[in-house]
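The values are calculated or read from the model by the stated rules, or taken from the named source; none is laboratory data. Treat the numbers as computed from the prediction; the structure is a model and nothing was measured. Neighbour counts are summed over all protein chains in view; Cβ atoms, including those assigned to glycine, are modelled from backbone coordinates with ideal geometry. These area figures cover heavy atoms from the full protein model, side chains too; ligands, DNA and RNA do not enter into them. Shrake-Rupley method; radii C 1.70, N 1.55, O 1.52, S 1.80 Å.
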Amino acid sequence: RPGLALCAGCGGRIQDPFLLRVSPDLEWHVACLKCAECGQPLDETCTCFLRDGKAYCKRDYSRLFGIKCAQCRAAFSSSDLVMRARDHVYHLECFRCAACGRQLLPGDQFCLRERDLL
């Protein structure tokens, strides 16, 4: 469909012989598909993530929109083991009693008061 598509990045008509289709309704000039945060070109060698019509590289998407540890506020990597308490998620090393600092292990009883594990 070259010539008919409008680029989601610059808004111009795509006349190029190649275009990048990121989702069923968003098409880009090859040169326009860049991370909205850091400007890294996003091509067939990069994973592209969309949010609100903007494209992001994996690192920036995770940093901006990924689930973060309720204690340290750092993002999780795909290899991290996590603990959950209600709708909060923690790194294993961050899952500690707020009063004494003891690490809580799977099977330990605890309560969640406000944002504090006890």
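Keeping every protein chain present and rolling a 1.4 Å probe, give me the accessible area per residue for the chain in Å². Let's see the in-between values first.
On the way: 8040 Å² over 118 residues.
Computed with neighbouring chains in place, this is 68 Å² per residue.
Which value in Å does the Kirkwood hydrodynamic radius of the range 48-118 take, with 1/r averaged over all unlike C-alpha pairs and then inverted? All intermediate terms of the calculation are to be shown ahead of the outcome.
Details: mean 1/r = 0.0741 Å⁻¹.
Averaging 1/r across every pair of different Cα atoms and inverting gives 13.5 Å.
Starting from the eigenvalues of the Cα gyration tensor, five times each then square-rooted, give me the equivalent ellipsoid semi-axes of the range 1-86, largest first, whole Å.
Details: eigenvalues 218, 25, 22 Å².
For the range 1-86, the ellipsoid semi-axes come out as 33, 11, 10 Å.
Tell me, what % of the accessible area of the range 6-65 is carbon and sulfur with a 1.4 angstrom probe? Could the numbers behind the result be given before it?
Working: 2000 of 3890 Å².
Looking at the range 6-65 in its full context, I get 51 percent from C and S.
Mind checking the range 42-102 for trypsin sites (Lys or Arg not before Pro) that DSSP puts in a loop (not H, G, I, E or B) and that have at most 16 other Cβ atoms within 10 Å? Could you put the intermediate results ahead of the total?
Working: sites: Arg51, Lys54, Lys58, Arg59, Arg63, Lys68, Arg73, Arg84, Arg86, Arg96, Arg102; in loops: Arg73, Arg86, Arg102.
Sparse-neighbourhood loop trypsin sites (Lys or Arg not before Pro): Arg73, Arg86, Arg102.
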